[in-house]
Amino acid sequence: VGEGAMVAVQMSEQEARSLADNTTLWYAACNSQVHHVLAGDVAAVDALAARLKAAGQKATRLHVTKAFHSGHMGPAADRLEGSGAPGAGPRVPVASNLTGGWLSEAALGVGTYWKEHMLGTVQWRQNCEE
């Protein structure tokens, strides 16, 4: 997994999602109605942060060197495919950041859950509301 970056922004979910092109920049996390994270190429993240700051909007670069929950994670995520654990569901309720609901035995048994989790948007807001 190559170098990447992430930036926290304050705006509506629709606005944040509209910034992602899924080539150089991905919508990585929904933390609340107005707190979101985008991840991707360092240059794309830095350009976005500069553009938002110039427009008077808050944009905070996260202290990471990878673009988690983005297409950058593809090579690592591919290694997790087939790593499901049928019959090994959680013994206590576990929040699924992939779906925003509760993690189920069925989801874990599919063999693609962790791959999708690494590539997908973190649904923290939904987890908190659940």
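The set of residues in region 27-48 that are assigned to a strand (DSSP E or B) and not aromatic (F, W, Y) comprises A28, A29, C30, H35, H36, V37, L38, A39, G40. Checking each residue in region 4-18 for being open to solvent by less than 40 Å² (accessible area, probe 1.4 Å) and over 14 Å from the mean Cα position of the chain (by Cα) picks out only M11. Looking across region 80-130, just one residue is at pLDDT below 75 and under 25 Å from H36 (Cα atoms), and that is E130. Looking at region 12-26, can you tell me whether even one residue there is of a type in the set (F, W, Y), touching a Leu at 6+ places or on another chain (Cβ under 7 Å), farther than 19 Å from N127 by Cα and not in a loop (DSSP other than H, G, I, E, B)? So far as region 12-26 goes, yes, one or more of its residues are of a type in the set (F, W, Y), touching a Leu at 6+ places or on another chain (Cβ under 7 Å), farther than 19 Å from N127 by Cα and not in a loop (DSSP other than H, G, I, E, B). Of all the listed residues (D46, D78, D21), the sole one being over 16 Å from A5 (Cα atoms) and surrounded by fewer than 18 Cβ atoms within 10 Å (Cβ to Cβ) is D78. Would you check if V34 is open to solvent by less than 40 Å² (accessible area, probe 1.4 Å), on the phi < 0 side of the Ramachandran plot and of a type outside the set (K, R)? In short, no.
The values are calculated or read from the model by the stated rules, or taken from the named source; none is laboratory data. Note that this is a predicted model, so its numbers are computed, not measured. Note that we place each Cβ from the backbone using ideal geometry, even for glycine, and neighbour counts take in every protein chain shown. For accessibility, only protein heavy atoms count, side chains too; no ligands or nucleic acids. Shrake-Rupley method; radii C 1.70, N 1.55, O 1.52, S 1.80 Å.
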